[in-house]
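The structure under discussion appears below in the form of C-alpha cells.
The values are calculated or read from the model by the stated rules, or taken from the named source; none is laboratory data. As the structure is a prediction and not an experimental result, all values here were calculated from the model. All Cβ positions, even for glycine, are placed from backbone atoms using ideal geometry, and neighbour counts span all protein chains on display. Accessible surface is based on the protein model in full, side chains and every heavy atom, while ligands, DNA and RNA are left aside. Shrake-Rupley method; radii C 1.70, N 1.55, O 1.52, S 1.80 Å.
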Amino acid sequence: MDVKLRIHRFVEGRKWEQDYTVTLKTGMTVLEALIEIKEKQDPTLSFTCSCRSSICGACAVRVNGNAELACEMLVENLVKRYDTNELIIEPLGNFKVIRDLVVDWDPKYARIKKIKPVVQPKPEFSKETGCKQSPEDFNKYKKYAGCILCGSCVSECNKNSLNQSDFLDPFVFVKAEKLVADSRDKSPEEHLKAVVDAGLWRCFNCQECTAKCPKGLDPAGAIEKLKEATFAKKLDDNVGARHAKAIYDDISESGTLDESKLNIKSEGFLMAGLRAPMALRLMRVGKMNPLDKHKVNPEIETIRKIVKNAEAAAKEAE
Amino acid sequence: MATEISRRTFIKGAAAAGVVLAAGTYFAWDGKNIPEKVKTGDVTYDVLVIGSGGAGMRAALAAAERKELKVAVMTKLVPTRSASTMAQGGMNGVTGVSDPTDTVESHVFDTIKGGDYLCDQDAVEYFAERAGENIYEMDYMGYPYNRQKDGAFHQRKMGGHSHPRASYFEDRAGHAMVHTLFEQCLENNIDFISECQMLEISMDGDKLNGVIAMDMRTGNLIGVPAKSIIIATGGYGRVYWVRTSNPYSSTGDGIVAGMNVGIPFKDPEMVQFHPTGLSANGVLLSESSRAEGALLINKDGERFMSKYAPERMELATRDIVARAIATEIEQGRGVGEGIHAGVYMDFTKIPAERIHERLGQVYDLSRRFAGVDITKEPVPIAPTCHYSMGGLEMADFHTGESRVKGVYVAGECSCVSVHGANRLGANSLSEVLVFGHTAGDGAAEFAKANSYVGSQDSLAKACDKWKTTFDKVTTRGREGNKSVPEIRDAMINTMWYKAGVFRDEAQLTQASAELDALDKEYEHCYVGDNSHVYNTAFEQYVELGNLLQISHAIVQGALARKESRGGHSRRDFPKRDDANFLKHTLIFKDKETGKYRAEYKDVVITKYQPKERKY
C-alpha cells in the first residue's frame, strides 16, 4: 500500500506543504519513511533523529496534529488510527521552527535554568559518601526522572500556545516536581518558589501534555503535585493558590461556587475591584446577584463525602 | 482528512484568541543560537569540549570547577541526544554497598579477563580505583539511583563480573546519567554551542588554533579558538549502518579529526558485536532474552547452538553466540535477505505472563519494529555492532592528554585502554565518568598553565577552505555521480561482509580495495541540497567522509592483527597469539599522502599474566 506524507516545509523563509509517497513496509516507522524520502526522493528534506529507540527525543514531530516520536510510531498504526493513507507531518508546535521539521531548543534550556535544575543535597550528604534515600522516597520522584526532553508536551500545551512568556513548558514542571519530591534536596522551597513565579497556577488543566507524553509521565499530574506542595510548604500566598483554596472552601461549606466572593478571595478586595465592570455586566444579565443569599446545595452531605473520599484516594495514591 | 478530535480542538474552538496566537507560534527562527561571542570569534575558550555525551559533560563540569576558566561544550545535535543516553545496564564501581566482599582488585581482574588481556593494566587499576567515588559523586549530583533498604543505591551484577557492582536507574542508566550531568552543566552556566558539526581541529605545526565547525542553523563556518580541547564525540558503530545498535549520530567525527592532526587510532579493529539485534534495524534485544530462556533457531527449525556451544547453548558469551549466528546465515541457514538476514529467536516456550513481566521492552521492540508478537511467533535477529573498544590514543591516563599538546580525549572515541579487546557490561558508563573527569581536570590545568598560542588567521583560512568545499559539493549535479546514501550503502556491505563478525586476509584485502574505490566516488558524490540553514544533507556528506576513514582504519588494523582476540575474529588465525600480538595497534594517517600505516605498542602488564579465557 502507498502512503502519502504531506510534509510542512520551511526553508530560509519560504513556507509550503509538499507531498511524498512511500510504500508501506512491515515495521516502517514515521522516521524510516522520512529517511527514505530524504535518501531516495528529496535530499533537501530536513529533520533530526539520533537513537531511533525512543530514548533521546530528537525526532519528535506532529503527525495529523498530534505530537509523536517519529522513531517509535509505525506508519501502519497511524493509517489504522486515522483511517486514511494520508498523513500530515509538521514540526512540533510552540517551538520556533528552524527548518522543515527542525525546531529550536535553546530558549527551552534557558527556561529550565529558571528552576535551579539540580538537587541541592542536604548537609549530611557529601560528594565522597553520596546520599541516602529510602526506596519509598525514591519512588516518589522516579517517574519524573524518565523525561527525555522530546518536547511533545509543549507542542500540545494550550497555555503555551496562548502565551509562553508567563508560563514554563510542561517538561520544566516535570523536572521541578522531580526535584521537589526528591528527599535528598535540602530546599525544595527554592525550586517551588521559582515555579510559582514562572506560572504554576496559570496551567489550563487541559491535560494535553499528559495525553501526548510518549513516556507516560503525566506532566499535568506533576503540575498538580507542585500545586499541592505549595500548600504544604506555605507558599500559598498568591492568586492561584487563594483561588483554589476559595473554591475548595466553597465546595466543602455550601456545595456550590459563590462567584461573587471568588474573585475577592483570590485577588484581594482591591484587585478584584478592577473587575467591577465585569461584575456589573454579570449583574445586568442576571448571572450574579450579590444581594442573594448564597444557597447551600441540598446534597451537601453527599458532596462532602465525595471530597473526603477524593482526599483519601489522593493520599493512598502517594 | 481525518484528525483526532481532542480536547485541544475543543479548547481552540472555544478560545478564539488562542487560535490566533497559536497560529503565531509557527514563526521563523530569529538566527540566535550559539553565544554571540562565538560567532564573532570574540572568545577564546580555555577548555572546549566536543561532544555532549557522558564523557563530554563530565569533563566540562570538572573543568568548570575552576571558576576563572571559560568552558564550553560543542555538540552536533542538542545536548541529551547522545549515544550515552541509550545505555541501559548501569555503571560499575566498587562501593561494597550491595556486596561488602567486592574489591577493587576483583573489578580490575574481571575487566582484564573480559578484555582478553589487551587492557593496559595500570590504566585499569586507575579506573577501578576511581569508579566507586564517581558513583557516589553522581549521587550527590542528583542521579536517580534505584535504592536498597538501607538507603544506599543498589548495585546489580552484570555479565562477566564476579560481584554485583553496577548501580543504575531502572533500565535507563545512561539516560539518567546524561540528564543529571546536563542539569549540572546548566546550573554551572557552562556555554553550550549546540547544533554545530565539528569539521576539523585546526593546528599550525604543534600550535593548537581551535576547532572549525559548521553552525547548522545558519550554515556559517565558525572557528572557535581554544587553549585546549577535549574530544568526546563517541563511537563509530554507523560504519555498519543498520547493523548497529548505535544512534545515527555515532559516526566517529572526533576520531577522524584527531587522526588528521596526528593522534593515532588505537585498536580500531576491536569492535564489539552483540548477538541479538533485530534483523530489521539493528535495535538491541536485551541479553536477558536468552537468560529468560529464548532459543535460537535457524531456517530449518534447528536449535543450532548445540553445534557451537553444546554445554552452554544460548547462554554462551556474546562473541561465541554472535559468531554462531553469523555462520548459520553465511551457510545459507538464515532467514531474510542481504544485510537484513538473520536467524530466529524463539520465545514461545516461555509463558506469556513471564514475557510481559520480565521482557516488556523486548516484547515492545519486536512488536514495533518487526511486527512480531513474540508470545506467538519467533522474531528474526542478527548480530549488531554495539561498541567500539578502540579510539584515539590517550597518551597519559592521569591527565587524559593525547600525544598532541592541548588535545585531550575521553569516552568511547578514546582508547585508554581499559576495555582491551572486549568491554564488559556497565564498564562504559563508569569509564566516561572516570576519564571524563580526568580529562576535564587535565585540560583545565593545561589551560591554566599555558596561554593561547594559536592563530585566528589560520582559523579564518580553514573556515574559507570549508566554505569552498560546501559550495562545491552542494551545487554538484546528480549526473554520473553517486549519492551520499548510495556510497554509504556500498560501504556498509563492504564492512559488514568483509570486516564484520568474521574476518580473513582475502576478504580484508578486498575490503581495502573496495574502500579505495568508494573514496574516489566520494570525491564527486551527489549531496543535493545547497541551502545554508540546517543542511543535513551536507552534514551527512561530512559524516560519510568520516565513516569511510574509520572503515579504512578498521580494515588496516584487522589485516595487521593475525590472531583472534575478543571482538576481533580472524578465520585464518582462529587462536589468540600472545607471542606476537599482545600489543596495541596504532593506525596513523599520513598528513601528506592520506595513507594509513600501522605501528604497535606493548600492552602494559602489571599483575596479571595472560592466560586462556574460560567462563
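Observations
- Members of the range B:54-87 that become less accessible by 50 Å² or more once partner protein chains are added (1.4 angstrom probe, chain alone as reference): B:Arg81, B:Met86
- D (Stokes-Einstein, µm²/s), Kirkwood Cα radius, the range B:360-440, 0.890 mPa s at 25 °C: 163 µm²/s
- Summary of packing: across the peptides B:576-584, B:69-77, the per-residue average of other C-beta atoms within 10 Å ranks them, highest first, as B:69-77, B:576-584.
- Here the calculated FRET efficiency for B:Ala513 and B:Asp578, from their Cβ-Cβ distance with R0 = 35 Å, stands at 0.65, rounded to the nearest 0.05.
- Rounded to the nearest 20 debye, the dipole size of chain A about its Cα centre is 660 debye, using +1 on the Cβ of Lys and Arg and -1 on the Cβ of Asp and Glu.
- Value at 222 nm in deg cm²/dmol, rounded to 500, when DSSP H runs of n ≥ 4 in chain A each add -39,500 (n - 2.57): -12500 deg cm²/dmol
- Length added when fully stretched, B:Glu377-B:Glu505, from 0.36 nm per residue minus Cα-Cα: 42.2 nm
- Efficiency of FRET between B:Arg478 and B:Asp206 - r from beta-carbon atoms, R0 35 angstrom, step 0.05: 0.25
- Förster radius 60 Å - calculated FRET efficiency between A:Lys305 and B:Thr593 (Cβ-Cβ, nearest 0.05): 0.10
- Inter-probe distance in nm under a simple model that places probes 7 Å from Cα toward Cβ, at A:Ser134 and A:Met1: 5.3 nm
- Here is how the number arises for chain B: DSSP H runs of 4 or more residues each give -39500 (n - 2.57), the sum is divided by the residue count, and the result at 222 nm is -11500 deg cm²/dmol.
- Value of D in µm² per second that Stokes-Einstein yields for the range B:235-387, Kirkwood Rh from Cα pairs, at 10 °C (1.306 mPa s): 98 µm²/s
- Excluding ligands, DNA and RNA and using a 1.4 Å probe, chains B and A jointly bury around 7400 Å² of accessible surface, summed across both partners.
- Contact order for the range B:339-453, expressed relative to its length and based on alpha carbon pairs under 8 Å spaced 6+ residues apart, stands at 21 percent.
- Cα gyration tensor shape of the range A:255-318, rounded if a/c is under 1.5, else prolate or oblate by comparing a/b with b/c: oblate
- Rolling a 1.4 Å probe over the protein heavy atoms of the range A:128-238, with every protein chain left in place, gives an accessible area that is 49 percent carbon and sulfur.
- Taking Cβ atoms as reference points and 9 Å as the exclusive limit, the residues near B:Gly440 contribute a net charge of -1, counting Lys and Arg as +1 and Asp and Glu as -1.
- Alpha-carbon Debye profile of chain B, log10 I(q)/I(0) at 0.05, 0.11, 0.12 Å⁻¹: -0.22, -1.09, -1.29
- Mean projection area, nm², convex hull over Cα of chain A: 22.7 nm²
- Overall dimensions of the range B:508-587 by Cα: Rg and Dmax, Å: 17.4, 56
- Each of A:Trp201, A:Gln18, A:Thr44 was scored by the projection of its Cα onto the charge dipole of chain A, and the greatest displacement toward the positive side belongs to A:Trp201; charges sit on the C-beta of Lys, Arg, Asp and Glu.
- Given charges at beta-carbon only (K, R positive; D, E negative), |dipole| of the range B:386-437 in Debye: 40 debye
- Each other residue within a Cβ distance under 10 Å of B:Met198 adds +1 if Lys or Arg and -1 if Asp or Glu, for a net charge of -1.
- Residues of the range B:464-489 with amide N under 19 Å of a point placed 7 Å along Cα→Cβ from A:Lys40: B:482-489
- Computed over neighbours whose Cβ is under 10 Å from that of B:Gly115, the net charge equals +1, Lys and Arg +1, Asp and Glu -1.
- Taking 0.36 nm per residue of separation and subtracting the Cα-Cα distance, full extension of the segment from A:Phe231 to A:Lys261 would add 8.7 nm.
- Rounded if a/c under 1.5, otherwise prolate or oblate - the range A:9-90, Cα gyration tensor axes: rounded
- Each of A:Ser126, A:Ser252, B:Gly545 was placed along the dipole of the protein assembly as shown (beta-carbon charges, centred on the mean Cα), and the one lying farthest toward the positive end is A:Ser252.
- When the listed pairs A:Lys233/A:Lys265; B:Lys472/B:Lys589; B:Lys39/B:Lys76; A:Lys245/A:Lys308; B:Lys37/B:Lys70; A:Lys175/B:Lys149 are checked against a 18 Å cut-off, the alpha-carbon distance exceeds it for A:Lys233/A:Lys265; B:Lys472/B:Lys589; A:Lys175/B:Lys149.
- The DSSP beta bridges internal to chain B are antiparallel in roughly 70% of cases.
- Spherically averaged projected area in nm², based on the convex hull that wraps the Cα atoms of the protein assembly as shown: 40.4 nm²
- Base-10 log of normalised Debye intensity for the range B:162-282 (one unit scatterer per alpha-carbon) at q = 0.09, 0.17, 0.18 Å⁻¹: -0.37, -1.18, -1.24
- Considering only the range A:1-148, percent of DSSP beta bridges that pair antiparallel, nearest 5: 85 percent
- Backbone N atoms of the range A:123-160 closer than 18 Å to the 7 Å Cα→Cβ label point of B:Asp364 belong to residues A:142-153.
- Per residue value of the accessible surface for the range B:98-246 (all protein chains in place, 1.4 Å probe), Å²: 25 Å²
- Summary of packing: across the peptides A:243-253, B:441-451, the per-residue average of other C-beta atoms within 10 Å ranks them, highest first, as B:441-451, A:243-253.
- A simple spin-label model places the labels of A:Leu24 and A:Asp106 4.1 nm from each other, with each point 7 Å out along Cα-to-Cβ.
- For the range B:564-615, accessible area per residue (1.4 Å probe, heavy atoms of protein chains only), Å²: 64 Å²
- Mean separation of Cα pairs under 8 Å and 6 or more residues apart, divided by the residue count, gives chain B a relative contact order of 20 percent.
- Separation of the B:Glu521 and A:Ser165 label points, Cα + 7 Å toward Cβ, nm: 5.5 nm
- Protein heavy-atom surface of the range B:160-207, 1.4 angstrom probe: 37% of the accessible area is carbon and sulfur, with nucleic acids and ligands not counted.
- Among the helices of chain B, those built from whole DSSP H runs whose Cα atoms reach 20 Å or more along their own axis and whose mean Kyte-Doolittle hydropathy is at least -1.0 are B:121-141, B:173-187, B:427-449, B:456-475, B:484-498, B:505-523, B:536-560.
- Each Lys and Arg adds +1 at its Cβ and each Asp and Glu adds -1 at its Cβ; summed about the Cα centre, the range B:93-210 shows a dipole of about 560 debye.
- DSSP beta bridges confined to the protein assembly as shown are antiparallel in about 75 percent of cases.
- Listed residues B:Pro310, B:Ser414, B:Phe265: farthest to the positive end of the dipole of chain B (Cβ charges): B:Pro310
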